[in-house]
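The values are calculated or read from the model by the stated rules, or taken from the named source; none is laboratory data. Owing to the predicted nature of the structure, the values given are computational and were not obtained by experimental measurement. With ideal geometry, Cβ positions are generated from the backbone for all residues, glycine too; neighbour counts draw on all protein chains shown.
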Amino acid sequence: MIRLSMTRRFQLAGVFTVFLVFFFGLFAVYHLHALNEEIRSSLAADLKLANFAAEGREIFAEIRAHVMAALHQGRPQRLAEAIREIDRLRQHVRRGETTDPRLVASQSILLAHLDLYQQTLASATAAGPASDPALLFDLFDSQEEIAAALRALERQDLKILAADQGQIARVTKALQTRMGILGILTVAGTIGLSFFFTQQIRLPIRRLRDLIHAIRDGDYGITVRTDSDDDLGQVFEALAHMVQHIATRDRLKVEKILHEKNRFAALANHLEAPLLLLNAEMQVAFANNPCLEFFQLAWDDVYELPLAQTPLPIELKNRIAQAVKTQIWPVNESLDAIGENYAYEMHLTFIPVKDGRGNLTSLICLLGRPRA
């Protein structure tokens, strides 16, 4: 398992945050650029189509003006100028074939009408002023067909413009969707980073709390490990040393208490008189071997039990309670305890042990005459 210091973790989190922001920003810029290029290319194509249709109408209007002027003035030679304009219109329509593939059908129909119209003008020029009325009728009919073809081409242009508008709307909607996804990802990334930082802060705090609770409960066997050299690692290292010192101090204290207890037990047993030691809560803190043998009890029968719950004679328990209440301590006082199953003859001597404030901290009860 790889262990990283808190400083390294926050550095990696910062680098990841910068990378995430850079990625999301690049993602947004790329799609905005793509939308801008799509709109620009679509508008350029639409303007090109609109200019193409408008220029075609202008050229055809000039052709019709030349033809009507030639017929009105009775000068067929001016029809030759109209024929040259038709060539210019044909070249314009053919150049428009590369504008949009969707206009090919309309352009083909328009070119066919222009060829027929040119042939009709050529026939009218050859006939001279005495043109056949049927030929003039064909000429006007061909003009109307060309005008209808131009209008169809304009309608096709409008359909293409509407399709491009719909495409722009779809691209814009797609961009909005992507921006929404980007926003969701940004929020999710922010929540994830917040959770990450929270966990990184909470983890050492939880470890510190558990360590403090373990020290408070006296569990000095807890392992304090840290591989980092930052401030947090120094705190854990200091706590580890403190745990060692506290454990050593408590071990020495327990050893000293056991040593003193053994010394007290040896002294109490050396008296060869029953001895009972009570603490401030009137619990049996110690009973020497002569005491246990005198009452025929085991150590677990009296140790750390309240005096009232011990199997000692009721006369002895009442006398101890009376002495504690009156603060009058008997010295070599005779006490005979006689019951249905027992009979004891005791000589009581109570020695109180008080603190600096005069409060009773323990009571030594000698139940017989000590050895001289």
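Descriptive notes on the structure:
- Of everything in the stretch 196-244 that is farther than 26 Å from Thr17 by Cβ and polar (S, T, N, Q), the residue that is modelled with the lowest pLDDT is Thr223.
- Selection of the stretch 334-372 for residues being in contact with a His (Cβ under 8 Å, 6 or more places away or on another chain) and surrounded by fewer than 12 Cβ atoms within 10 Å (Cβ to Cβ) yields Ser334, Arg371.
- For the stretch 52-96, a residue qualifies if it is at pLDDT below 70 and of a type in the set (S, T, N, Q), and the qualifying residues are Gln73, Gln77.
- Residues within the stretch 290-312 that are in contact (Cβ under 8 Å) with a residue 24 or more places away in the chain and more than 21 Å from Pro352 (Cα to Cα), tallied: 2
- Top-ranked residue in the stretch 286-341 [being touching a helix residue (DSSP H, G or I) at 6+ places or on another chain (Cβ under 6 Å) and part of a helix (DSSP H, G or I); ranked as nearest to Ser362 (Cα to Cα)]: Leu307
- Failed item in (1) of a type in the set (A, V, I, L, M, F, W, C); (2) surrounded by 14 or more Cβ atoms within 10 Å (Cβ to Cβ); (3) in contact with a Ser or Thr (Cβ under 9 Å, 6 or more places away or on another chain), with Val331 passing the rest: (2)
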